[in-house]
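Written below as C-alpha cells is the structure these notes are about.
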Amino acid sequence: MRVEVDVPKCVGSGQCVMIAPDVFDQREEDGIVVLLNDRPPAELHADVEESAVVCPAAAIRVVEK
Amino acid sequence: MTETLAETTAQAEEPLAEFPMPRAAGCPFDPPPATRVLQNERPIAKVRLWDGSTPWLVTRHADQRALLGDPRVSSDPLVPGFPHPNEGFRENSKRRRTFLGMDDPEHARIRRMVTAPFAIKRVEALRPDIQKITDDLIDAMLAGPTPVDLVRAFALPLPSLVICRLLGVPYEDHDFFQKNSSVLINMASSVEDVVRANEALTDYLDNLVAAKLADPADDMLSELAARVRAGELTQREAANMGVLLLIAGHETTANMIALGTVALLEHPDQLAVLRETDDPKAVARAVEELLRYLSIVHNGRRRVALEDIEVGGETIRAGDGIILHTGTGNWDAEVFPEPERLDISRDARRHMAFGFGVHQCLGQPLARLELQVVYSTLYRRIPTLRLATGLDQLPFKHDGAVYGVYELPVTW
C-alpha cells in the first residue's frame, strides 16, 4: 500500500491521527496532517483505509493497494 | 405545450412539506418521521421554509457526504438562495462573519488560525484536567440535595469550564454568556433579542481581546490578539471568532452530556456495559454511537449551490438552497444496520454528527475527549443515577438549533 496526503486540502480534524497514529501525525503550529509512513505495513491497512473514508476533506488517498 | 403547462400546474399544486419537521411524540431520540419517509421515498426533495423559500432536503448518508464534500456547494449565508433557519439567523449572518460562513480559500486561511489547540495530542494532554473538573463537579453534586438538575449542576458547567480555560474567558461570567448564547441558538427568539444577544457577546469578547492585547496570557484569545497585532485579523474579527468558539464549545457538549444520559437511562443494558467496562476503546466506541444516535444538530446543515449539481438522480440548480439532514443520514440503514437500535458496541465512526467536508467541527477532538471522560465517570460514580421525573415530562429542545433537554432532574 502507498498513501498520499493532500496537505492544502487538510482541515486538521485529526481523525487520521486517532485511527492510525503510526501513519499520521499533525503539525504543531496548525494541526495539519503529517504523513509519517507512506508505505504502512499490512496490519495497518484497514486503519489507513478507514482514515481515508472518514477524512472530511478527502485529503488522504490510497494510491497503490 | 398543453402537457407541459399541465405538468407545471400539477407540480405547483402539489403542496411541499414544511421544514423543519416535528419529531414524533414519545420518541425523543428519533429523527422526525417525515424525514425518514423522505429518506426511503424521495431522498432529495424540495421542502418549504418559514420564508416561503423551497430548498432541497437531503436525507441519505451518501448524498450528504457527496454534497458536503463538494466545492460547488457554498456555506456563505450571504449567497442568494441560502436557506436561513429563521429571520434572526439571517440578520445575524450579516453582522457576524466567521469561518463557518466562508468558503475556501478564505475559510481555510481563517480556520487554520485556531486549529492548533484542537490537535489530538494537545487535546489529549487536557485529559487529567478534564477528569479533575468532572470529579469535582460530581463531588459537589453528591454533597448537595436531590433531586438536582443535571444540566445546571454538571452538563453545562463542565464544557463551559473547559472552553473558558482554553480561550481565556473568566468562568465567573458564565451566567452572562450562557444566557446570551441560549438566546442566539433558540429558534423561537425574536430578531431583536438575537441581535441584542449577539452584540452583547461580541462586545464582551472584543473587550477581552483588547485586554489580552495589553496583557497576553497562555490562551487562545491571546493567540488571536497576537494575530490582531500582526495585522492578520481585525479586533472585531477576533472577537467574532471568540464568540463562535465560546458558544460552540459549551452548548453542543452540554447537550450531548444531558441527552446522552437520558438515552442511556432509557437503555439500561447499554448503560450497564458502559458502566462496567475498563477499556478506553469501548468507551470511545460508545461515544461515537451516541453521537450518531442523537445527532444533536437536528435541523440540518445549510448550504447553497454555486453551480448546477447532479446528485442522486436530481439536478440541484445554481442558487438552490440545500439542507443536509445529517441526523437522518446518521440513521441510514445502508450505513448503519438497524439504525434505530442504540448499540454502543457498533462501529459508528462514519457518522456525520460533526458534519462532513471542510467545515467539519473544529472542536471534535475536544468534544470526544470530554464525552469519553464524562461517560466513563458519571455513571460509575453514581451507579443509581435515575430520572426524577417521567421521560414524557422532560423539556426537550425542539426549538433549539441544537437538540437536547433544557432541564434534567435526576436523583440517586
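The values are calculated or read from the model by the stated rules, or taken from the named source; none is laboratory data. Nothing here was measured: the structure is a model prediction, and the numbers come from that model. Note that each Cβ is placed from the backbone with ideal geometry, even for glycine, and that neighbours are counted across all protein chains shown. Side chains are part of the model used for accessible areas, which takes the heavy atoms of the whole protein and leaves out ligands, DNA and RNA. Shrake-Rupley method; radii C 1.70, N 1.55, O 1.52, S 1.80 Å.
Observations on the model:
- For the residues B:His267, B:His298, the requirement of being under 22 Å from B:Val151 (Cα atoms) and modelled with pLDDT under 95 singles out B:His298.
- Residue check for B:Ser53: within 13 Å of chain A (Cβ to nearest Cβ) and at negative phi: no
- Taken residue by residue, segment B:204-216 has at least one member that is open to solvent by 10 Å² or more (accessible area, probe 1.4 Å), touching a Ser or Thr at 6+ places or on another chain (Cβ under 8 Å) and part of a loop (DSSP other than H, G, I, E, B).
- Test for B:Gly88: is it at pLDDT below 95 and buried (at least 19 other Cβ atoms within 10 Å of the Cβ): yes
- Residues considered: B:Ala284, B:Ala305. Of these, the only one that is surrounded by 17 or more Cβ atoms within 10 Å (Cβ to Cβ) and in contact with a strand residue (DSSP E or B) (Cβ under 6 Å, 6 or more places away or on another chain) is B:Ala305.
- Segment B:159-203, residues that are modelled with pLDDT under 95 and not in a helix (DSSP H, G or I): B:Ile185, B:Asn186, B:Met187, B:Ala188, B:Ser189, B:Ser190
- Of all residues in segment A:8-25, those satisfying the criterion of being more than 7 Å from chain B (Cβ to nearest Cβ) and either in contact (Cβ under 8 Å) with a residue 40 or more places away in the chain or closer than 19 Å to B:Ala116 by Cβ (or both) are A:Pro8, A:Lys9, A:Cys10, A:Gln15, A:Cys16, A:Pro21, A:Phe24, A:Asp25.
- Among the candidates B:Arg127, B:Arg109, residue that is surrounded by fewer than 22 Cβ atoms within 10 Å (Cβ to Cβ) and at pLDDT below 95: B:Arg109
- Number of residues in segment B:29-44 that are in contact with a strand residue (DSSP E or B) (Cβ under 7 Å, 6 or more places away or on another chain) and either surrounded by fewer than 19 Cβ atoms within 10 Å (Cβ to Cβ) or modelled with pLDDT under 95 (or both) equals 0.
- A:Val5, sole failed condition from (1) open to solvent by 50 Å² or more (accessible area, probe 1.4 Å); (2) more than 11 Å from chain B (Cβ to nearest Cβ): (1)
- For segment B:227-275, filtering for residues that are free of Cβ contacts under 8 Å to residues at least 24 places away in the same chain and part of a loop (DSSP other than H, G, I, E, B) leaves 3.
- Filtering segment B:333-379 to residues that are more than 12 Å from every other protein chain (Cβ to nearest Cβ), out of contact with any Asp or Glu (no Cβ under 8 Å at 6 or more places or on another chain) and open to solvent by less than 10 Å² (accessible area, probe 1.4 Å) leaves B:Phe336, B:Glu370, B:Leu371, B:Val373, B:Val374, B:Tyr375, B:Leu378, B:Tyr379.
- On the stretch given as segment B:380-412, residues that are open to solvent by 50 Å² or more (accessible area, probe 1.4 Å) and in contact with a Ser or Thr (Cβ under 7 Å, 6 or more places away or on another chain) total 2.
- In segment A:26-63, of all residues being open to solvent by 20 Å² or more (accessible area, probe 1.4 Å) and part of a strand (DSSP E or B), the one that is nearest to the other protein chains (Cβ to nearest Cβ) corresponds to A:Gln26.
- Of everything listed in (1) open to solvent by less than 50 Å² (accessible area, probe 1.4 Å); (2) touching a Phe, Trp or Tyr at 6+ places or on another chain (Cβ under 8 Å); (3) of a type outside the set (Asp, Glu), the single unmet condition for B:Arg165 is (1).
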